[in-house]
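Since the structure comes first, as structure tokens, the remarks are kept for the end.
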Protein chains: 2
Amino acid sequence: MALEQVLVAGGWRDAKAKSTFHAEDPTTGETLEGVFPISEWHDCDDALNAAVTVAGELRTAPAERLADFLDLFAKKIEENMTALVSKANAETGLAAVPRLRDVELPRTTTQLRQGAAAAREGSWTQAVIDTMANIRSHYAPIGPVVVFGPNNFPFAFNGISGGDLTAAIATGNPVIAKANPLHPGTSKLLAECAVAALAEAGLPPSTLQMIYRTSKEDGLRLVSDPRIGAVSFTGSREAGLRLKAAAESAGKPIYLEMSSLNPVILLPGALRERGQQLATELADSCLAASGQFCTSPNLILMIAGDEAERLAADLAAILDQRPPAPLLSAGSLKGLDENVHALIASGATVVTGAEPIVGCGCRYKNTLLRATATQFLANPEGLQREAFGNATMVVTAQDIDQLRQVIGALEGNLTGSIYSSKAGDDDTVYVEIASELRFKVGRLLNDKMPTGVALSPAMNHGGPYPATGHPGFTAVGIPASLLRFGALHCYDNVRPDRLPAVLQNKSPNPAMWRRIDGNWTRG
Amino acid sequence: MALEQVLVAGGWRDAKAKSTFHAEDPTTGETLEGVFPISEWHDCDDALNAAVTVAGELRTAPAERLADFLDLFAKKIEENMTALVSKANAETGLAAVPRLRDVELPRTTTQLRQGAAAAREGSWTQAVIDTMANIRSHYAPIGPVVVFGPNNFPFAFNGISGGDLTAAIATGNPVIAKANPLHPGTSKLLAECAVAALAEAGLPPSTLQMIYRTSKEDGLRLVSDPRIGAVSFTGSREAGLRLKAAAESAGKPIYLEMSSLNPVILLPGALRERGQQLATELADSCLAASGQFCTSPNLILMIAGDEAERLAADLAAILDQRPPAPLLSAGSLKGLDENVHALIASGATVVTGAEPIVGCGCRYKNTLLRATATQFLANPEGLQREAFGNATMVVTAQDIDQLRQVIGALEGNLTGSIYSSKAGDDDTVYVEIASELRFKVGRLLNDKMPTGVALSPAMNHGGPYPATGHPGFTAVGIPASLLRFGALHCYDNVRPDRLPAVLQNKSPNPAMWRRIDGNWTRG
């Protein structure tokens, strides 16, 4: 079978590769069609050179053209929905319907269209004008962006079609996508849509490039190359930290989304009021996508007592009833089992599950572990290991003070949820718990599970290290997510006709917000 | 003589130190009064613990109180002007008048008052409200900030009184200042003003702490300690990169201002029109503060020819006429001489200067070096070494294309200036040169020297690596500089009465700008 081509330096071409790989159907373990190259450095090098050239061209491209591309790309994804959903389903085991077709694909096209709207409006550049001093500044493109997509969102976080690509393009930067090796066929189909959209929008073909896979060493070399502007990565903590060290040693900003337990705290009044309902809500959230969301709840915190025991029992019963969904790959299954057993080795006890389902593809029993807060506090590192998949852990504290200590011992997380009594019974406790939790998480929720990450301008899909690499940036939410790929450009005493249009006295675009002499204005 | 105390954990106290140091008058080399401790880790550890506690208290402190402190601190600095100016003059050799009294001290108090105004107004938090989804976000304090101040601004960039302190406090973070060892007495006087202002404003005394000096190892340990939120550093590239590696390996954001050549490009038309005037402007800028500004022009680029020769000769003549001002220390003198000779070893020739002035304190002859663009392009690393002090270098290119190549070979810089003909003779060339320079610098200037860094909301005192560590942040310009010390906090479905006041539907402050459903509004 012919080797698939890479998208490098202006179009599809033969990869320079000594080795190859293929995708597998995780529900059956069978090898899927298509042989994909593991590129040597040569492909990266060519992609980097092309990216530098095209970055120069994009700087002068009108935002309207970037926006047209994003809109056209969304349309082409919709036109190819059937093939995309079928391929992604085969490569990831994620349900074709509703997940891939009705949730993730529309999320992806919505992101692209929001990016298009943001590029057109231009407010993301945060133009600031000091008319008295004749000093002006705004965010401008940072340079070629390398995007590493994760395994768990074949469309919405794919390096060639997801939120990072959207943000990088909307800010005027070319992208080198490193496809996730678990779904290369999906990435190829998406890249074909992108190539067609680029041509139709009249953008240079090298605006987007894609390599399927490289050696680890070449991956590190890529993110520390002087020709790039920034990196974004979504995936495991281990790989993320390796890339972080490489990129930062070369002075390159790298935006990471690495790991998160997403603690859910059920206060006593909430348990009393609606414990049974909360067990169902928790099970729904923990099992969504077989627990393979960045925001999946891995840690459920309660005060010990009858209500906590009832919730744990209810939750275990639901987990036992629900049929386990396939995991993303054999590697995901292995990783989940290892992490569950590492938690057990750190003192967690098994309520249910904690073993693979034999002869049924990459499936794991829905798993509930338990530990006490005393155990947790004695070994916070061992007991806050992320088990990515359909497993979660209940930790019970003796009292509110010990609960507060557990929260104080948490690493940085993407999210933290607090459920409290609707009648107000938990209000005093809430203040204490929330003030401790607030500085440990990027997004604080009330009476809501963390697994929905709305495409809202107010969203923060980010948080303190090691959930991400910097607590000031978000990967979801437009326009805020665009700022990751902006460099601050100041113009001091520059002659009026030489200023970028967005910094001239007369706005080129009545829809764009600008801060002029301290006031946000538009029109 | 008694050992000076450190400001740790709530007040002045004896340091835990095995060794000591003292300041010197760089104009005479004589030892100044005061013996200062080189703290052991114990002092850092206590400061870190106190900072964690006080960070929790500051989170609930009203912004009004932070603002009051900044205003009171400014007032106390003014009240102690005479003592401050006299001490800073003795420790740095910078002119008491106008530099210290009439320029840097007012700059410092203006920064503090701008920080106070920004804290009061609250717009810096960039509150974003999505009313439909009930998701809200804003920037909140990042956690204790460690500030390393440089040697060249004893007031305006001092860790205990400068722009970084102002930004960290205005965003609600406690500060641990690492005083610069060249001006410990000035730092002590400033810290005394700060302590009095804290008490008067009713803020906890541990809001500000100061240590004079530590071992290198303890400095690295400090910036990688889990208890801190972020670090800011202004100083040499060597020290900056060491701290960067340490902080980033622990996942701590670090904002650096490390080095910059600040290229000044004189296009042919400008040279023809006003070459003589430009020579004077250049000399003024290069010799300001004896060339010890971060934005001092170290590199002057021209097209070879009669006009360029005339400018170089005029500039050399002015440099020869002007009496060299003292450098900041014996170390500064040694560093400058080493760097000048490294440039010479890389091929630069000496037009004038290039040696210390014997028997006259820490003074160096005003120095002009020259190289051709061909030399520069053959050894861009060797010839773009920063010589911090009263030295600069002219590089002449054969033509515009070679000039463009030189710019293309530049590392990241804080600033880049282009002088062009007022009659329009350089307009075509300008476009080509500016588009190459734009992505190498944080601030692009026209017909203006880079050494004035206005306290404007549109200022960018930042730029691409290695001028700084991240091209999206600025160290000067309020409110933008505050974002370095903010973490993005999102509230998802949080009950109205539990939201921070700035995110509630009704604004607590009619002056504050917020983005509600896509529109910036206030009132």
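Using Cβ point charges alone (K and R +1, D and E -1), the dipole size of chain B about the Cα centre works out to roughly 1180 debye. With Cα atoms defining each centre, the stretch A:1-76 and the stretch A:232-259 are spaced 21 Å apart in the structure. Across chain B, Cα pairs under 8 Å and at least six residues apart give a relative contact order of 17 percent.
Across the stretch A:389-523, the mean sequence separation of Cα contacts (distance under 8 Å, 6 or more residues apart), normalised by length, yields a relative contact order of 17 percent. Projecting the Cα atoms of A:L315, A:Q276, A:V231 onto the dipole axis of chain A, where Lys and Arg carry +1 and Asp and Glu carry -1 at the beta carbon, places A:V231 farthest toward the positive end.
Sequence-ordered 3J(HN,Hα) estimates for the stretch A:204-216 from the Karplus curve with 6.51, -1.76 and 1.60 and θ = phi - 60° stand at x, x, 6, 3, 10, 10, 8, 10, 6, 6, 9, 6, 4 Hz, glycine and proline given as x.
For B:N519 and B:A345, what is the calculated FRET efficiency with R₀ set at 51 Å and r taken between the beta-carbons, to the nearest 0.05?
Working: r = 59 Å, r/R0 = 1.16.
E(calc), rounded to 0.05, equals 0.30.
Stretched out straight at 0.36 nm per residue, the stretch from A:A304 to A:R495 would grow longer than its current Cα-Cα span by 61.9 nm.
In chain A, the beta-carbon sitting nearest the axis that superposes A on B belongs to the residue given here with its distance in angstrom, A:W520, 2.
With a Förster radius of 60 Å applied to the beta-carbon distance between B:A330 and A:Q321, the computed FRET efficiency rounds to 0.15.
Mind pulling up the Rg/Rh value for the stretch B:264-446? Radius of gyration and Kirkwood radius, both on Cα. Intermediate results must be reported in sequence, preceding the final value.
On the way: Rg = 15.6 Å, Rh = 16.3 Å.
On the Cα set of the stretch B:264-446, Rg over Rh gives 0.95.
Using a Förster distance of 30 Å, how high is the FRET efficiency between A:A196 and A:H42, based on the Cβ-Cβ distance and rounded to 0.05? According to the calculation, E is roughly 0.70. Over the residues of chain A, the helix contribution to mean residue ellipticity at 222 nm works out to -12000 deg cm²/dmol, using -39500 (n - 2.57) for each DSSP H run of at least 4.
In this structure the amide hydrogen of B:N446, modeled in the peptide plane, comes within under 5 Å of the amide hydrogens of A:D492, A:V494, B:I418, none closer than 5 places in sequence on its chain.
Hey, got the average number of other protein chain Cβ atoms within 10 angstrom for residues in A:439-446?
Mean inter-chain Cβ contacts per residue within 10 Å come to 6.
Extension gain for B:S19-B:V97 works out to 24.6 nm (0.36 nm per residue, less the C-alpha to C-alpha distance). Just so you know, the Cα atoms of chain B work out to an Rg and Dmax of 23.9, 74 Å. Relative to the other identical copies, B:A342 shows label-point distances of 4.2 nm, where the label point lies 7 Å from Cα along the Cβ direction and values run shortest first.
Residue-wise HN-Hα couplings along the stretch A:251-257, as the Karplus relation 6.51 cos²θ - 1.76 cosθ + 1.60 with θ = phi - 60° gives them from phi, are x, 9, x, 10, 9, 10, 10 Hz; Gly and Pro carry x.
Could you grab the relative contact order for the stretch B:264-446? Cα pairs under 8 Å, six or more apart, rounded to a whole percent. Show your work: numbers first, answer last.
Details: 331 pairs, mean separation 50.6, N = 183.
About 28 percent, as a whole number.
Kindly rank A:242-248, A:32-38, B:505-511, B:178-184 from highest to lowest mean number of other beta carbons found within 10 Å of each residue. Mind showing how you got there, number by number?
Working: A:242-248: 21.9, A:32-38: 17.4, B:505-511: 12.3, B:178-184: 24.7.
Packing order, densest peptide first, comes out as B:178-184, A:242-248, A:32-38, B:505-511.
Bridging of A:K334 to lysines at a Cα separation below 27 Å is possible for A:K87, A:K178, A:K188, A:K216, A:K244, A:K365, once same-chain residues fewer than 8 apart are set aside. For a straight C-alpha distance cut-off of 16 angstrom, the lysines reachable from B:K422 (same-chain residues fewer than eight places away being disregarded) are B:K448.
Compared with the dominant principal axis of the Cα atoms in chain B, helix B:63-79 is inclined by about 50°. Copy-to-copy label distances for A:Q5, where each label lies 7 Å from Cα along Cα-to-Cβ, are 7.6 nm in order of increasing length. Taking the label point 7 Å along Cα→Cβ, A:E200 and its counterparts in the other copies are spaced 6.7 nm apart, in ascending order.
Bear in mind that the values in this text are calculations on the coordinates, not laboratory data. No experiment lies behind these values; they were computed from the predicted model shown. Note that we place each Cβ from the backbone using ideal geometry, even for glycine, and neighbour counts take in every protein chain shown.
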